[in-house]
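The values are calculated or read from the model by the stated rules, or taken from the named source; none is laboratory data. In this text the structure is predicted, and so the values were computed from the model without any measurement. Note that we place each Cβ from the backbone using ideal geometry, even for glycine, and neighbour counts take in every protein chain shown.
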Amino acid sequence: MAYETIILEHHETVLLIRLNRPEALNAINGKMLKELCSVLEKSSNDVNVRVIILTGSEKFFAAGADIKEMEKKNSTEMYLDDYFTKEHNVISSFRKPIIAGVSGYALGGGCELAMMCDILIASETAKFGQPEINLGVMAGIGGTQRLPKSVGKYKAMDMHLTGRYMDAQEAERVGLVSRVFPEKDFEIKIIEIAKKISEKSMSSIIAIKESINFSYESNLSSGIIFERRKFHSLFSTEDQKEGMAAFVEKRTPKFSDR
Ligand code: DAK
């Protein structure tokens, strides 16, 4: 299927989704959201897709939601449009890993979209920001909730209240991104990381993702119980037998997802 606002690239079982509205610095409009969700929905049951990379171009991941699309709307229209609600749920409940590869601007809804992913990796050119305050509004798709969980209350307040940008080095230092790579070969590096994950057992991948996401929503003791149940359940998989046997026999495991 041909898409207008995104480009798909297959790298073995890694699917790279490239946001592609260069004329608007990849500003996220309704069409882009629909296309993104359609790909995720198709990928969820596709055994040939094990890990997703969401990225943009060298200069911009996404400069936010499309201001021109929402400029004239009133609050009732915004409410009834339900902009980004369904899509937020599709992205945040997607079971396989999504890596955000951010080069250049990730602003407003672009920063929020990156934070919906599971791993956030930046190139040295990345600039994160929640500048909605400059437009007389505020973040509306998780920015005031996810940013403080990653960087703490005071950095999050600073970002949202001043609208300033955070560069890749600061983002790594404060825990918003897990790794930073030079722009040259940036995509090669993210694809390498995605491929490494794609070789693991899918049961382990999903159980880890669910457990870490559970820690976002719960207290420590409930999280520990949840994690323990997931851990126990993995002992009913063939992959657990294979992984442990491979260690004992000093060989590389061959996982089958069973
Ligand atoms: N929307 C629409 N067009 C945009 C855009 C955006 N977010 N960002 C850039 N563009 C367009 C520009 O208008 C320009 O178009 P033309 O004039 O050529 O037609 C083109 O992209 C190139 O941009 P610039 O000429 O401005 O490029 P510069 O390199 O000079 O500056 C910049 C780059 C990223 C600093 C600047 O473009 C900028 O400040 N952009 C806006 C960044 C921003 O404020 N982002 C936050 C958007 S608000 C919701 C929840 C959440 C949201 C919405 C709804 N609900 C729950 C309902 C989210 C809101 C947002 O994200």
Considering only segment 38-57, state which residues are in contact with a helix residue (DSSP H, G or I) (Cβ under 8 Å, 6 or more places away or on another chain) and either at pLDDT below 95 or exposed (fewer than 13 other Cβ atoms within 10 Å of the Cβ) (or both).
-> Glu41
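Examine segment 30-43 for a residue that is part of a loop (DSSP other than H, G, I, E, B), in contact with a strand residue (DSSP E or B) (Cβ under 9 Å, 6 or more places away or on another chain) and either farther than 15 Å from Ile98 by Cβ or away from the ligand (no atom under 16 Å from the Cβ) (or both), and state whether such a residue exists. Working first, answer last.
Residues of segment 30-43 part of a loop (DSSP other than H, G, I, E, B): none.
Within segment 30-43, none of the residues are part of a loop (DSSP other than H, G, I, E, B), in contact with a strand residue (DSSP E or B) (Cβ under 9 Å, 6 or more places away or on another chain) and either farther than 15 Å from Ile98 by Cβ or away from the ligand (no atom under 16 Å from the Cβ) (or both).
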Would you kindly identify the helices (runs of 4 or more DSSP H) lying entirely within segment 170-240 that contain at least 1 residues that are modelled with pLDDT of 95 or more and under 17 Å from the mean Cα position of the chain (by Cα)?
-> 186-198, 202-217
From the residues in segment 89-130 that are under 20 Å from Ser38 (Cα atoms) and among the basic types (Lys, Arg), which one is surrounded by the most Cβ atoms within 10 Å (Cβ to Cβ)?
-> Lys96
From the option list Glu9, Glu77, single residue qualifying as assigned to a helix (DSSP H, G or I) and surrounded by fewer than 14 Cβ atoms within 10 Å (Cβ to Cβ) is Glu77
Neighbours by Cβ (under 8 Å, 6+ apart or cross-chain): first from segment 107-119, over 22 Å from Lys96 (Cβ atoms); second at pLDDT below 95 and of a type in the set (Phe, Trp, Tyr) = Gly109/Phe84
Wholly within segment 81-162, helices (runs of 4 or more DSSP H) carrying at least 2 residues that are of a type outside the set (Ser, Thr, Tyr) and under 18 Å from the mean Cα position of the chain (by Cα) = 85-92, 109-116, 143-151
Met166 fails exactly one of the following numbered conditions: (1) more than 13 Å from the ligand (Cβ to nearest atom); (2) assigned to a loop (DSSP other than H, G, I, E, B). What is the number of that condition?
-> (2)
Just one of the numbered conditions (1) near the ligand (Cβ under 8 Å from one of its atoms); (2) β-branched (Val, Ile, Thr); (3) touching a strand residue (DSSP E or B) at 6+ places or on another chain (Cβ under 8 Å) is not true of Thr85; which one?
-> (3)
If you scan segment 44-72, which residues turn out to be assigned to a loop (DSSP other than H, G, I, E, B) and closer than 30 Å to Phe255 by Cβ?
-> Asn45, Asp46, Val47, Asn48, Val49, Arg50
Index of the failed condition, Lys73 passing every other in (1) within 21 Å of the chain's Cα centre (by Cα); (2) within 13 Å of the ligand (Cβ to nearest atom) | (1)
